[in-house]
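These notes are about the structure you will find just below.
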Amino acid sequence: MTRTRAYRELLVWQKAVELVPIVYELTRQFPTFEQFSLTSQVQRAVVSVPANIAEGQAREAPRPFANHLGIARGSLAELDTLLYIAASLGYLRETDLNRVNASIVEIRKLLQGLIRKLTVTSPVISLPSAHN
């Protein structure tokens, strides 16, 4: 395998890290009774994205890296769903949801592109395809 750049150099990791404080700020608007449920789930999901990108890249092999990118993509979908639920409960304004959604879509595309690149390098990898 051609060595992939260090995870901190990956644009997808940088974008995922930039999303963390934005989402944490948004969860401050959630009611206090959600602190140990929805708020915690949202925060864990957003942190999981860059963490899995870093962990996968550190394994230095295409197959485990692509697997961890798939997990990051799953966490991103979880985040998207949880924020949608929070908005439907009235905890987020639509403008805030739309702003975060734009970042989620961008990160999803970057993840998918990197997964595609890794699977071309090592075609035995078979990950479910993402929609969008």
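Of the set (1) crowded, with 18+ Cβ neighbours inside 10 Å; (2) at pLDDT below 95; (3) of a type in the set (A, V, I, L, M, F, W, C), all apply to residue 6 but (1).
Specify the residue that is farthest from residue 72 (Cα to Cα); the eligible residues are those in region 9-34 that are without any contact (Cβ under 8 Å) to a residue 60 or more places away in the chain and surrounded by 12 or more Cβ atoms within 10 Å (Cβ to Cβ). For region 9-34, the residue satisfying everything is 34. Restricting region 35-51 to residues that are more than 16 Å from the chain's Cα centre (by Cα) and surrounded by 13 or more Cβ atoms within 10 Å (Cβ to Cβ), the residue that is nearest to residue 81 (Cα to Cα) is 38. When you check residue 12 against the structure, is it of a type in the set (Val, Ile, Thr) and either touching a Pro at 6+ places or on another chain (Cβ under 6 Å) or at pLDDT below 95 (or both), yes or no? For residue 12, the condition - of a type in the set (Val, Ile, Thr) and either touching a Pro at 6+ places or on another chain (Cβ under 6 Å) or at pLDDT below 95 (or both) - is not met. If only residues of region 52-108 that are of a type in the set (Ser, Thr, Tyr) and in contact (Cβ under 8 Å) with a residue 40 or more places away in the chain are counted, the one that is surrounded by the fewest Cβ atoms within 10 Å (Cβ to Cβ) is 103.
Could you identify the single residue in 86, 61 that is at pLDDT below 95 and over 13 Å from the mean Cα position of the chain (by Cα)?
Values: 86 fails: at pLDDT below 95.
Matching residue, one of 86, 61: 61.
State whether the residues of region 86-95 include one that is in contact with a Pro (Cβ under 8 Å, 6 or more places away or on another chain) and of a type in the set (Gly, Ala, Ser). No, there is no match, as no residue in region 86-95 is in contact with a Pro (Cβ under 8 Å, 6 or more places away or on another chain) and of a type in the set (Gly, Ala, Ser). Of note, residue 120 does not satisfy the criterion of being at pLDDT 95 or above and in a helix (DSSP H, G or I).
The values are calculated or read from the model by the stated rules, or taken from the named source; none is laboratory data. Keep in mind that this is a model prediction, so the values were computed, not measured. Ideal geometry is used to build each Cβ from the backbone, glycine not excepted, and the neighbour counts take in all protein chains shown.
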